[in-house]
Amino acid sequence: MREFILLSRRGYTKPFDINDLPKAGRIDLVSRFILSSIFISEKLRENVKVYVVLEGPPNPPKLITFDSNLIKRIYPSEIKIAEKINNALKKYKENQIIESEPGIFIQKKSFERLIKEFLENHKKLVYLSRKGILFKQFQFEENSCFIIGDHVGLDKKRELFLKRLKIPFVSLGRISYLSSQVVSIIHFILDNKFKF
Ligand SMILES: C[S@@+](CC[C@H](N)C(=O)[O-])C[C@H]1O[C@@H](n2cnc3c(N)ncnc32)[C@H](O)[C@@H]1O
């Protein structure tokens, strides 16, 4: 299972206007990230989970999960994926994990709690950061979880938190890529290593 965590520090935690995704704390970015994570041309990738932690107003944090093995009806369209995020936010209930539609879940969970649960379950975590070691020197493993920031990136406190947990920082080079581009590059590296 390939897994991706996006920390969306501005993404709205209430239903938003579907006609203005940038205004909803860059939900356009979140949608593109999910699209790049779970789709290849014409179909869903198998064995991919995406975790989006929304930390925008009014009621953070909210964790939305997309599981490509369970999702039933979805199109590779930014706006359609944003509708699914909106639907999950509408169905959210306090103290519950809600499956808003097949393969899409919403609950209250912080970034820190999520990371700790991954480590408790002995999952390999990797943080994508330009300050990390160059990808060419890093031994990628197929069943890993990749942590990626949004347009503002992770704050210093979060980076320190990851460092203390000894999570490796890996760089894709000096260029600052879009979050969705980072996902595509990781997929390409892993496809190249494990699938071609
Ligand atoms: C648009 S960038 C964030 C830009 C933000 N101003 C910053 O400096 O963190 C989105 C995320 O993609 C990842 N990223 C972008 N370029 C990268 C690179 N060359 N190597 C590793 N990760 C990268 C990081 O996780 C980053 O937080």
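Throughout, read-outs are computed from the coordinates displayed, never taken from laboratory work. All of these numbers come straight from a predicted model, not from anything done at the bench. With ideal geometry, Cβ positions are generated from the backbone for all residues, glycine too; neighbour counts draw on all protein chains shown.
Before moving on, here are some points about what is shown:
- Taking Cα atoms only, the orientation of helix 27-38 departs from the longest principal axis of the chain by about 60 degrees.
- Normalised convex hull volume, the chain, alpha-carbon set, Å³ per residue: 117 Å³
- A straight Cα-to-Cα reach below 26 Å connects LYS90 with the lysines LYS14, LYS23, LYS49, LYS62, LYS72, LYS80, LYS108, LYS109, residues fewer than 8 places away in its own chain not being considered.
- Relative contact order (%) - criterion: Cα under 8 Å, at least six apart; region: the chain: 24 percent
- Between helix 111-120 and the chain: long-axis angle, C-alpha atoms, 0 to 90°, nearest 10: 50 degrees
- Computed from the alpha carbon atoms alone, the convex hull of the range 99-196 holds 139 Å³ per residue.
- For the cross-link pairs LYS43/LYS84; LYS123/LYS157; LYS43/LYS157, the ones whose C-alpha atoms lie over 29 Å apart are LYS43/LYS157.
- 5 angstrom amide H check on ILE5, placed H, neighbours 5+ away: TYR51, PHE146, ILE147, ILE148
- If R0 is taken as 25 Å, the Cβ-Cβ distance between LYS43 and ASN95 corresponds to a FRET efficiency of 0.10.
- When peptides 93-101, 125-133 are ranked by their average number of other Cβ atoms within 10 Å per residue, the highest-first order is 125-133, 93-101.
- Restricting attention to the range 1-137, close to 70% of DSSP beta bridges with both partner residues there are antiparallel.
- Cα-based shape type of the range 1-102, given that a ≥ b ≥ c are square roots of the gyration tensor eigenvalues and the cut on a/c is 1.5: prolate
- Of the beta bridges in the range 61-161, as assigned by DSSP with both residues counted there, near 65 percent are antiparallel.
- FRET E, pair ILE185, PHE161, Förster distance 25 Å, beta-carbon r, rounded to 0.05: 0.55
- Whether the range 4-64 is rounded, prolate or oblate, judged on the alpha carbon gyration tensor where a/c under 1.5 counts as rounded: oblate
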